[in-house]
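Some notes on the structure that comes next.
The values are calculated or read from the model by the stated rules, or taken from the named source; none is laboratory data. Predicted, not measured: the structure shown is a model, and the values here were computed from it. Neighbour counts are summed over all protein chains in view; Cβ atoms, including those assigned to glycine, are modelled from backbone coordinates with ideal geometry. The protein model used for the area step is the full one, side chains on, heavy atoms only, and it has no ligands, DNA or RNA in it. Shrake-Rupley method; radii C 1.70, N 1.55, O 1.52, S 1.80 Å.
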Amino acid sequence: MCGIVGYLGSQGAYSILIQGLKRLEYRGYDSAGVALIDGTGSLNIHKAKGKVANLEQTAAAGNTDGLIGIAHTRWATHGEPNDINAHPHVSQSGNIALVHNGTIENYAVLKQLLCEQGYTFKSETDTEVLVQFIDYIHASSDCTLVDAVRETLLQVEGAYAIAVIEKNNPDRLIVARKSSPLVIGVGDGETFIASDATPIVGYADKVIYLKDNELAVIERDKAISIVSIDSNTPTKIDVQKLKLSLAQLEKGGYDTFMLKEIFEQPKTLRDCLRGRITDNGSRVVLSGVELNKETFLNAERITLVACGTSWHAALIGKRLIQDFCRIPVEVEYASEFRYSNPVLGPKDIVISISQSGETADTLAAIQIAREKGAFVYGVCNVVGASIPRNTDSGTYIHVGPEIGVASTKAFTGQVTVLTLLALAIGQLRGTADSDTVKSVCKSLMQLPEILEETLKCDPEVQKLSRIFTYAHNFLYLGRGYNYPTALEGALKLKEISYIHAEGYPAAEMKHGPIALIDHEMPSVIIAPSDSLYDKIISNVQQVKSRGGAVVAIVSRGNTAMNDIADFCIEIPEVPECLTPIVASIPLQLLAYYIAVGKGKNVDQPRNLAKSVTVE
Ligand code: F6R
C-alpha cells in the first residue's frame, strides 16, 4: 500500500528518499514520485509509473538538488496508475506539494467546492483535492500553512497520513495522520519521516510514532512540535528507541525475501517462544493473560477478527481456544465484522490478529469492539504499530520484519502465539489439564528443530513443483485443524503464481466441488496422522477415482496414503494442534517454486500490498 518518505537535514535529500522508497517497495505499489526544494527555492517534482528504478531514470534528467523533500510509492485507489496520478501532487499555485496514504471519502464534495472557486485538476486522485483545499484555505483566510493544513484535515472524512512541503520554506516539513501510519525518525540535526520504520533504519535510532489525529511540524534546527488536529493543543511526544537492524531488512544470501522468510521459520519460532514456557516445560506464561486474569476468567465468548492469512490463523485459533478453553469462539473477517453491528459487551474478548498492525479493517473492527465495551487483545508482529497501540493488551509474535508480500513466517508465528494463548487461558480457567499442557509445551519447545527437519523437503517440493507449473486450477483439501491450512495453502499459491486455487473442507467435496475434478485439476491434501486421518483417506479416494492428481502431505512413516496419492510429502509427526504449523512449510515451498517456475515476482506480486491501510 502507499508508502511515504520525507527528509529534512543537511544531506542531499534525493538519495535518502530513493533509498527509503526502495525499502518501502515491499508494501506494494504501482508508481512513485519525489518532490524537492533546491537552494534557489525551486520546487522540483519527478514522477513515474512502475518501479522506483523508473523514477530514478526520469529524475536523472532533471534537478534532484535539495536538503528537503518528500517521496511516495502509490498503490492506486482513485485513478489508474500513471505519471499524472502518481504523488506528490502540487497545488494550483505551485507552492505546496503533498504526498498521501489513505483515502479521502468526501473528496467529491470538496472537489466540487474547489471547482466553484475556479480550481482545476490534473489528476483523478483524492489527494490532489487535499492539496488544493489546503491551498484554498491558505490563500483565502490569510492563515499560516500549518493552520491551513489543520483546517483542511478538520474538513476531511477518511483516512490519511500526509507530508507537506512549501516552496517558499525549505526549512519545514508538515506531517499528520489519521488511521494511516506515520513514523518520525529523529537524527542528529536531521529528521526522517516514513510510513513505517524501515526507511529510517541506519539513519536514526530514535523514532516517534505519530498518533491518530496528530499533526507534527518539523523545522530545521528546532524541536519537533506535535499538536492534536482537533484541539490544536500540544500533545506529549514519546521518543522511542528503534529496534530494527539493517540485517533484518536484507535477503541474507537468498534469492528472495519470501524464501529467506520460509527458511527463517525455525529461528523466528524460537524467538516467538522465548520466555513464554517455564523452564521445566510445564506452563505457559503470557504477560497479557497474567495481567488480565479476571477478564479471561470471566469471559463468556471470544471473537477473533483478522483479514487474509491472519484470518486463516484465526480459524486455527478458534479450534485451539475451543479445545483448551471450552469457551464459545467466533471468527470474523474484520471487514465484515466492522459493518455487522456486532452484539458485544464487557464479558466479550475480541482478539485481533495482524502481522502489520496497520490493516485498516482490523483497526476499525477493534475500535468498534472497544466502543461496545469488549476487552480487545492484539496478536501482532510489528512493534509499536497502530493495532497494538489501540488494544487493551496483547502478545507480539516477534518473528522480525516480514518483507515478502505473501505471509509465511508471520502465519506460523501467529498460530504459535494462538497456541500459547489458548494454553494460557486454558490453564487459568482450569479447562486444559496439566498433562496436555505439558505435552503440547514439550512439542512447542521442539518446534524450531522440527521445522528444520521439515524444511528438508525443499528439494523434493521443488522437483514436484515442475510437474504443476502449468496447472490452471488447484484444490487444497483438509479437515479439522487443517481445513484452515488448506485455505492458507491455496491463498499462497494464488497470490504469488496467479493460479486459481480453492481451499475446501475435504468432506464437503461431495456436496458440489467434486464436479470440478478431472485429470487437469490437481488436489493437495493435508493429511497428517490425526483424529480425522481415516476419514480424509476416503475423501481422497473419491478424488482419485475421478481422475484427479493428488499430492498428499502426510506424517512421516505413514504409508497408507502411498497407494492412493500420486505424490506424498512427509512431515514430522507432532500433536494434532501443531500440525498446521508444520504442514504449512511444504505448502509455502510448493507455492513458491511454482511461482518462480512461472517467472513471477514472488516478493511483490501484482496488485497486492503488504500493509492494507485503506478499506
Ligand atoms: C497474504 C497476506 C494477507 C494478509 C492480510 C492481513 O499472504 O499477507 O492476506 O494476511 O492483508 O494483513 P495483516 O496481517 O497485516 O493484518
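In table form, for the structure just shown:
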read-out: Relative contact order %, segment 271-403, counting alpha carbon pairs below 8 Å whose residues are six or more apart; value: 23 percent
read-out: Mean residue ellipticity (222 nm) of the chain, computed from DSSP H runs ≥ 4 via -39,500 (n - 2.57), nearest 500; value: -11000 deg cm²/dmol
read-out: For segment 469-531 and segment 322-377, distance of Cα centres in Å; value: 28 Å
read-out: Cα-based helix-to-principal-axis angle, 145-155 vs the chain, degrees rounded to 10; value: 50 degrees
read-out: Values of log10 I(q)/I(0), in the order q = 0.25 Å⁻¹, for segment 230-302 under a Debye, Cα-only, solvent-free model; value: -1.12
read-out: Accessible area per residue in Å² at 1.4 Å probe, computed on segment 410-493; value: 34 Å²
read-out: Estimated D of the chain in µm² per second, where Rh is the Kirkwood radius over Cα pairs and Stokes-Einstein applies at 37 °C, 0.692 mPa s; value: 129 µm²/s
read-out: Within the accessible area of the chain (1.4 Å probe), percent carbon and sulfur; value: 48 percent
read-out: Computed magnitude of the charge dipole of segment 298-426 (debye, nearest 20; Cβ of K, R +1, Cβ of D, E -1); value: 180 debye
read-out: Alpha-carbon Rg with Dmax, taken over segment 508-615, Å; value: 16.2, 49
read-out: All-pairs Cα distance distribution in segment 190-346, expressed in whole percent, bin size 5 Å; value: 1, 6, 9, 11, 13, 14, 15, 15, 10, 4, 1, 0
read-out: Residue among 125, 18, 253 farthest towards the positive dipole end of the chain, charges placed on Cβ; value: 253
read-out: Point-to-point label distance, residue 171-residue 389, nm (Cα→Cβ direction, 7 Å offset); value: 2.9 nm
read-out: 0 to 90° range, to nearest 10: angle between helix 579-597 axis and the chain longest Cα axis; value: 60 degrees
read-out: Dipole magnitude (debye, nearest 20) for the chain, charges at Cβ of Lys, Arg, Asp, Glu; value: 880 debye
read-out: Packing-based ranking, highest mean first, of 59-72, 406-419 given that Cβ atoms within 10 Å are counted; value: 406-419, 59-72
read-out: Cα-projected label distance for residue 606 with residue 122, points at 7 Å along beta-carbon direction, nm; value: 2.9 nm
read-out: Other-chain or far-sequence residues with amide H under 5 Å of residue 214's (modelled H); value: 177, 229
read-out: Descending Cα extents along the principal axes, segment 325-466, whole Å; value: 50, 39, 27
read-out: Per residue value of the accessible surface for segment 495-586 (all protein chains in place, 1.4 Å probe), Å²; value: 38 Å²
read-out: Relative packing of 485-493, 291-299, 471-479, 330-338, which averages over residues the other C-beta atoms within 10 Å, highest first; value: 485-493, 471-479, 330-338, 291-299
read-out: Per residue value of the accessible surface for segment 32-85 (all protein chains in place, 1.4 Å probe), Å²; value: 40 Å²
read-out: Principal-axis tilt of helix 308-325 within the chain, Cα atoms, nearest 10 degrees; value: 50 degrees
read-out: Projected label distance in nm at residue 221 and residue 514, using a 7 Å step from Cα toward the beta-carbon; value: 8.0 nm
